[in-house]
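Structure first, then comments.
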Amino acid sequence: MLAVALVWREVTGMKSCREVHRLVIEAQDRKLGFAERLSMRVHLILCATCRRFDAQMELLRQAIRRFPGD
């Protein structure tokens, strides 16, 4: 199955999970370019693990926004 996933990624140009995790985190600090956003969204549609990671990061973002500052 891993071999099929690797071939699929090469053929479609889909980002790896590691690359998508990096983009999810970077999106907190900067606006992603169109190609980055598109490739990340396509990957998130197809990968449940990365969707969970994105949801967890969003939960952390919300918690940080609600945390009272000094």
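Read-outs throughout are calculated quantities, based only on the coordinates presented, and are distinct from any laboratory measurement. Remember, it's a predicted structure, so these values are computed and weren't measured experimentally. Positions of Cβ are generated from backbone atoms using ideal geometry, with glycine treated the same way; all protein chains shown enter the neighbour counts.
Pairs of Cα atoms in the stretch 23-70 fall into 5 Å distance bins, from 0 up to the last occupied one, in shares of 5, 20, 24, 23, 16, 6, 4, 2, 0 percent.
With each label modelled as a point 7 angstrom along the Cα→C-beta vector, the GLU58-MET14 pair spans 2.0 nm. At an R0 of 30 angstrom, the distance between the Cβ atoms of PHE67 and VAL42 translates into a FRET efficiency of 0.35.
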